[in-house]
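What follows is a single structure, written as C-alpha cells, with notes after it.
No value in this document is a laboratory result; all are computed from the given coordinates. Just so you know, these numbers come straight off a predicted model, no measurement behind them. Cβ placement follows ideal geometry from the backbone for every residue including glycine, while neighbour counts extend to all protein chains displayed.
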Amino acid sequence: MNSPKLNEDLRKIVEARHHDPFSVLGRHAEGKQVVVRAYFQDCTQVAIAEGDLPMERIPGTDIFEWRGAADQVPERYRFIWRDSGHHQHITHDPYNFPAQLSDFDLHLFAEGKHWHAYRFLGAHPKTLDDVGGVLFSVWAPNAERVSVVGDFNNWDGRAHPMRVRGDSGVWELFIPEIGPGVLYKFEIRNRNNGNILLKSDPYGQAFEQRPKTASIVADETPFNWRDQAWMDKRKSADWLHAPMSIFEVHLGSWQRGSEGEFLNYRELAKLLVEYVLEMGFSHIELLPISEHPYDPSWGYQTTGYYAPTSRFGSPDDFRWFVDHCHQHGIGVLLDWVPAHFPKDAHGLAFFDGQTLYEHADPRRGEHLDWSTLIFDYGRHEVKNFLLSNALYWLEEFHLDGLRVDAVASMLYLDYSREDWVPNKYGGRENLEAIEFLRELNTVVHGECPGILVMAEESTAWPQVTHPTHLGGLGFSLKWNMGWMNDTLEYISKDPIYRRYHQGELTFSMIYAFTENFLLPFSHDEVVHGKGSMLNKMPGDEWQRFANLRLLYTYMFTHPGKKLLFMGTEFGQGTEWDATGVLDWYVLGYAFHEKLQRLVKDLNRLDTAQRPLHQYDFDDRGFEWVDCHDAENSVLVYQRKSDDEALVIALNLTPTPRTGYRIGVPKAGAYHELLNSDSDYYGGSNLVNGSGSLVAEKQPWMNNPHSLNVLLPPLGGIILKAGESPTVGRVEKPVTALGRSNTVEPKPKINTKNSKEKPASTK
C-alpha cells in the first residue's frame, strides 16, 4: 500500500480518504486513450465485460486498471470479476454514472427551504440508462470521506466511496444492481481528526429490528390508498366546532399476540378500529412509532425519524393501518419528537465526527434531565430535516396531525438548567426554536389543509394556538396541562377537604378560551410512580370508581377537546407498563366494565349534543350557573350551542343532595341525558327518575327558572330541556368529519398476557 509508484490520488483511494473518488475511479480520457480504474476487495481477477478486456492490479493495492483505445470501451460498461472463492460476478461500474442530485435541490436544502428533502436524501431505487440500482445521498459537511457500506460489499468502506457535491456538504453515489431490501449504513471519516464512524441513514425509511441498527433500502412502489373520500372531506372539515375525542395508544402494550409477541400494524388496525368504534372515539393518537432502539423509551428516543418502527411491520403495513382507520371514519394522529434525540452511536449524535444536528454549545445542545441532545434550530439543514420530516409523515402516510412533544423545552433557553446563555436580546426565549415552530405550522397547514398540529406546552407561553401572522406560534391545539394538574390535584383529595379547594376546578375557566385547548389524561399521568387514574382517586373501591366516573363526566362537559390514554377508559388498576400489555381481564369485573360503559356514552353524548362541542374554544359555549357553593362542593354550569343548552351539575362529595335547587335557562320539562351514578355505570342509582323535571318560574342563580334536583353522591348529571331520557347510552356516534360510524362487534381481546388479579379490587 505504501508503494512509491502511487500518486497522491491513488494513495487516498487506497487509504479510503478521498473526497472525490470519481476523479480517480471510472473511465477517464488520457490523450487519445482512456483509462478505466476500479476498486475490488477480495478479488483475484477483473475484466471489462464488453470486449473481455483484462484489467491489471496496481501492485500492493486492490485497484485494477485498464488502458487502451477509447472505442474499445462503451460509455456504460460492466466488470466481470472473480472473488477469492472463485465465484464470478458481473456488475456495472458505479463510477461511470454522472452526478444525479440537482443544483436546485441542493440550493433549497442549504437554505432550509426544501420541504421534501427526503425525496432526494437517503436511499432511493432508481434506473439510470436502463440500469437499475439505488441512489444514496447524505449530508455530512465535516467529512473527509463518506462511503456506502452494506451486505453487498462486505461492509467495507473502501468499496463504495461517495462524491461530495461542492460546498453543500451532501455526498452521493449511485450503486447499480442492488435494490429494495438491501442493508446499508454510511461510513464517515472526519476531516479534522480522521475518526471513522458508522452511521444509520438519517433519512432512512426502513430499519432492521432492534437491537440491529442497519438501514434498509425501502420499496418505493406506490401504495394503493383507498381513503380518498376521507382525505377530500378533511380539507374542509370544521374541526373547531366538531366533536373530538382522542384515544392515545402505545402500540406495543395495547395488545400483543398469544405468545406475547408484537402484532403487525395490520392486525393492530383491525383490533383498534373495532374497539375505537365501539368506544366512540373520533381519533387515535399513537405514541411515537418512528424507529427507536430502546423499548422503554416508548418511542421518544428516536433514531430513525423517517421510518415507522419495524417492530410492527413495514412502512406499507403502517400505511395500511392509517388507510384502514380512515375507511372506518377514524382519524390518526402521531406523537412527534423534534425537541431532542438520543446519543446512540449509530444515530444523529456527532453524525460526521462533530456536532452537526445538535447545537455546538452544550448549554443549548443537551438536555441534562433526559441525557439527550437538542437540535440546532438555527442551522438551515437541520431545520430542513425536521420540516421535511413533518411533511413526510403527513403526506406519505396520510396522517391527520402531529402532537409535538416537549414544546416547552424548545421555547426556553433556561429550561431545566441553571447554566444557560441568553439570546441576543438578553432574554430566555429560544428565538431559533420559536422561528422553527412558526415555520413548521405555516408550512404543514399550507401543504396539508385540514391537519392538526398539537403542542404539548406546559407553561403560560402566550398565543400558542394563535396564527403566526398575528404573532402566535400557529398550533391548532394546546394540551391544557394546567387544567390537568389542577383537576388531578383536586380530585385526589379526600372529599371532606374539597370545599377548601374549589378554586382548583373553577380556575380553568379564567383562561379556558385564551387558546384552543385539549384536555389530556395522557400516558404521562399513569407512570413513574404517579399511579393509575383509578388509584389516584381517594376512598374505598366504590368511591374510587365513583370519583373516576365523576371526573370523566366533568372532563367531557368542560370546554375543550378530549384525550384519554388507553386503559384509563376502563379503570386499569396498575400503572401502565410499556413492556407488558393492558390488564384486559379486569373487564370481567362489573365496576371496570361499567366504567367503560360510561366513557362510551360520554363519547357518544359529546358527538350527539352540539352544546358539548360547538363552542369548545369560545365563551359562547359556557356559562357558570353556580361556582360558589364550595361548602357543599357543588358546581353547576351550562354548555351551549347556537340554539340549545345543557345544564351540568356535579356533586363532588359522597353526600347525596336532595331537593337541590339549580337555575336553568328556560321553562319546560328537563330530562337526564346522563347520570354518572346510574347503576348502569356502577353507581348507587340515585337518579332523577325516568320522567321529566319541570322548571319552576323561580329565578335562581342568575337564571329565570329553576329546578329541584337530586344530586347523587360523587356524581354528575347532564340535563336538557325537552329531551327524552337516555340515562343508558346514546346511539349512532358521528366522527369529527361527520361520517356515521356503525358500532361493530367487540374485538377479541387477548388476556393471556394480563396479570392474574385485579389490582383495583384489593
Report task. Return an integer: the convex hull volume of the alpha-carbon atoms of the chain, in Å³ per residue. Result -> 173 Å³
Report summary line: Residues whose modelled amide H sits under 5 Å from the amide H of G329, counting only those 5 or more places away in sequence or on another chain, are none
Query raised in the report: Across every pair of different alpha-carbon atoms, what Kirkwood hydrodynamic radius in Å does the stretch 472-552 reach?
Result: 13.9 Å
Report task. Give the order of R403, R657 when sorted by the count of other beta carbons within 10 angstrom, beginning with the fewest. Result -> R657, R403
Query - Environment charge of I13, counting only residues whose C-beta is closer than 11 Å and scoring Lys/Arg +1, Asp/Glu -1 - result: +1
Query raised in the report: Given the C-alpha centroids of the stretch 12-61 and the stretch 639-671, what is the distance between them in whole angstrom?
Result: 86 Å
Query - Neighbour-limited loop hits for chymotrypsin sites (Phe, Trp or Tyr not before Pro), the stretch 78-116 (at most 15 other Cβ within 10 Å; DSSP other than H, G, I, E, B) - result: none
Report summary line: Here the percent of antiparallel bridges among DSSP beta bridges lying wholly in the chain, to the nearest 5, is 80 percent
Query raised in the report: In percent, how large is the relative contact order of the stretch 8-96, given Cα pairs closer than 8 Å and 6 or more residues apart?
Result: 27 percent
Query raised in the report: Helix 315-327 versus the longest principal axis of the chain: what angle, 0 to 90°, nearest 10, using Cα atoms?
Result: 30 degrees
**Report entry** Inter-label distance for D619 and H28, nm, one decimal - labels placed 7 Å from Cα along Cα-to-Cβ
**Finding:** 7.7 nm
Query raised in the report: What is the list of residues in the stretch 95-136 whose amide nitrogen lies under 17 Å from a point 7 angstrom out from the Cα of A49, following Cα to Cβ?
Result: 95-97, 127-134
Query - Ordering of 422-428, 236-242, 644-650 by burial proxy (mean other Cβ atoms within 10 Å per residue, highest first) - result: 644-650, 236-242, 422-428
Query raised in the report: Sequence-distant or interchain residues sharing an amide H contact under 5 Å with F79, placed H: which?
Result: A49, T91, H92, D93
Query raised in the report: So what is the 222 nm mean residue ellipticity for the chain from helices alone, if each DSSP H run of at least 4 adds -39500 (n - 2.57) and you divide by all residues, rounding to the nearest 500 deg cm²/dmol?
Result: -6000 deg cm²/dmol
Report task. Find the relative contact order for the chain and round it to a whole percent, using C-alpha pairs within less than 8 Å whose residues are 6+ positions apart. Result -> 10 percent
Requested in this report: Would you tally the net charge around E144, using a Cβ to Cβ cut-off of less than 10 Å, leaving E144 out, and scoring K and R as +1, D and E as -1?
Outcome: +4
Query raised in the report: Can you work out D for the stretch 372-523 in µm² s⁻¹ from Stokes-Einstein, where Rh is the Kirkwood radius over C-alpha pairs, the temperature is 25 °C and the viscosity is 0.890 mPa s?
Result: 143 µm²/s
Query raised in the report: Suppose R0 equals 22 Å; then what is the FRET efficiency for N195 and D167 from their Cβ-Cβ distance, rounded to the nearest 0.05?
Result: 0.50
Requested in this report: Filter the cross-link list K561/K594; K12/K383; K424/K561; K233/K536 down to pairs whose alpha-carbon distance in this structure exceeds 30 Å.
Outcome: K12/K383; K424/K561; K233/K536
Query raised in the report: How big is D for the stretch 1-132, in µm² s⁻¹ as a whole number, if Stokes-Einstein is applied with the Kirkwood radius of its Cα pairs at 37 °C and 0.692 mPa s?
Result: 195 µm²/s
Query - Dimensionless Rg over Rh [the stretch 235-280; C-alpha; Kirkwood] - result: 1.11
Query raised in the report: Karplus couplings for the stretch 623-628 from phi (6.51 cos²θ - 1.76 cosθ + 1.60, θ = phi - 60°), rounded to Hz, Gly and Pro as x?
Result: 8, 5, 8, 7, 10, 9
Query raised in the report: For the stretch 103-216, taking Cα atoms only, what is the radius of gyration to one decimal and the Dmax to the nearest whole Å?
Result: 13.8, 41
Requested in this report: Could you work out the mean projected area of the convex hull around the alpha carbons of the stretch 473-513, in square nanometres to one decimal?
Outcome: 3.2 nm²
Report task. Express in nm, to one decimal, how much length is gained between D419 and T221 on full extension, taking 0.36 nm for each residue of separation and deducting their alpha carbon distance. Result -> 66.3 nm
Requested in this report: Could you please state, rounded to a whole Å, how far the C-alpha centre of the stretch 67-90 is from the C-alpha centre of the stretch 114-150?
Outcome: 24 Å
Requested in this report: With a/c under 1.5 counting as rounded, go ahead and sort the stretch 436-497 into rounded, prolate or oblate using the C-alpha gyration tensor (a ≥ b ≥ c being the square roots of the eigenvalues; past the cut-off, prolate if a/b is larger than b/c, else oblate).
Outcome: prolate
**Report entry** Modelled FRET efficiency - R0 22 Å, R76 with V35, Cβ distances, 0.05 increments
**Finding:** 0.85
Query raised in the report: Once amide H atoms are built 1.01 Å from N in the peptide plane, which residues 5 or more positions from R661, or in another chain, come under 5 Å H to H?
Result: V709
Query - With Cα atoms, 0 to 90° folded angle of helix 590-608 axis to the chain main axis - result: 90 degrees
**Report entry** 32 Å tail of the calculated P(r), the stretch 237-610, as % of Cα pairs
**Finding:** 33 percent
Report task. Write down the Å³ per residue value for the convex hull defined by the alpha carbon atoms of the stretch 587-716. Result -> 115 Å³
